[in-house]
1. Do we find that Val58 is part of a strand (DSSP E or B) and surrounded by 10 or more Cβ atoms within 10 Å (Cβ to Cβ) in this structure?
2. Scan the range 64-78 for residues that are in a helix (DSSP H, G or I) and either open to solvent by 30 Å² or more (accessible area, probe 1.4 Å) or farther than 18 Å from Thr140 by Cα (or both) and report the count.
3. Kindly list the number of the only condition in (1) open to solvent by less than 60 Å² (accessible area, probe 1.4 Å); (2) under 20 Å from Ser144 (Cα atoms); (3) in contact with an Asp or Glu (Cβ under 9 Å, 6 or more places away or on another chain); (4) of a type outside the set (Val, Ile, Thr) that fails for Leu111.
4. Can you tell me which residue among Gly95, Gly135, Gly106 is surrounded by fewer than 14 Cβ atoms within 10 Å (Cβ to Cβ) and either over 21 Å from Glu48 (Cα atoms) or touching a residue at least 24 places away in the same chain (Cβ under 8 Å) (or both)?
Amino acid sequence: MNKLILHNNNNNKGYVLAEMLLSFFIFTIILTLLLTPLRLMLDKQFSEKELQEMEWEVFILELKKETKMSQGISVSNNKLVLYVDGRVVTYEKYGSSVRRRVDSTGHEVALQAINKVEFIMQKNGFRVKVVDRFGMAKETSIRSYLTFLE
C-alpha cells in the first residue's frame, strides 16, 4: 500500500508542475493586458496637449467640410453662421467650448477646453483664432468657394 501512495505522489508532482506552468502562463497574459493601457496613459505620446492639438485639427477639418457645403457665410457678434441646405448652422463660444447649433436648436460640442475663440470675416472666407486652456494660440483661414462660383 505504501508503494501505491508513493506512485500516486510521483504522478501528482508532474500534475502540479503542469498546473503551475499553466497558471504562470495565464498570469503573464493578464499582466500584459493590464500593463498596456497603463503604459499608454503614462506615455508622453498621448499627453493632454497633444490630444488638444488633435481635437483642433478635427474641428478645423469638420469646419472646412461644412464651409464647402454652405451656400452663405456670415460672422456677427463673434458667431460664425453658415447657411447649409436651407438650414442655419451656428458656431459660437459656450462656456469653455465651441458649440455647433442648427436652426438655433441643439448643443453639439465642436471644440472643448478653450479660453477664447474669435471668428473674423475675410475676403473669400473667414479666420478662426482660438486660445486653448494651456494658453496656446491657434489660428487658421478657411476659404469659401462661393465667390468663385458667382
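The values are calculated or read from the model by the stated rules, or taken from the named source; none is laboratory data. Owing to the predicted nature of the structure, the values given are computational and were not obtained by experimental measurement. With ideal geometry, Cβ positions are generated from the backbone for all residues, glycine too; neighbour counts draw on all protein chains shown. To get the accessible areas, we keep the full protein, side chains included, count just its heavy atoms, and leave off ligands, DNA and RNA. Shrake-Rupley method; radii C 1.70, N 1.55, O 1.52, S 1.80 Å.
1. Details: part of a strand (DSSP E or B): no; surrounded by 10 or more Cβ atoms within 10 Å (Cβ to Cβ): yes.
No, not satisfied.
2. 4
3. (2)
4. Details: Gly95 fails: either over 21 Å from Glu48 (Cα atoms) or touching a residue at least 24 places away in the same chain (Cβ under 8 Å) (or both); Gly135 fails: either over 21 Å from Glu48 (Cα atoms) or touching a residue at least 24 places away in the same chain (Cβ under 8 Å) (or both).
Answer to the check: Gly106.
Residue by residue, here is whether (1) basic (Lys, Arg); (2) touching a Leu at 6+ places or on another chain (Cβ under 8 Å); (3) assigned to a strand (DSSP E or B) holds:
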residue	(1), (2), (3)
Ala18	no, no, no
Phe24	no, no, no
Leu33	no, no, no
Leu40	no, no, no
Val88	no, yes, yes
Glu92	no, yes, yes
Arg99	yes, no, yes
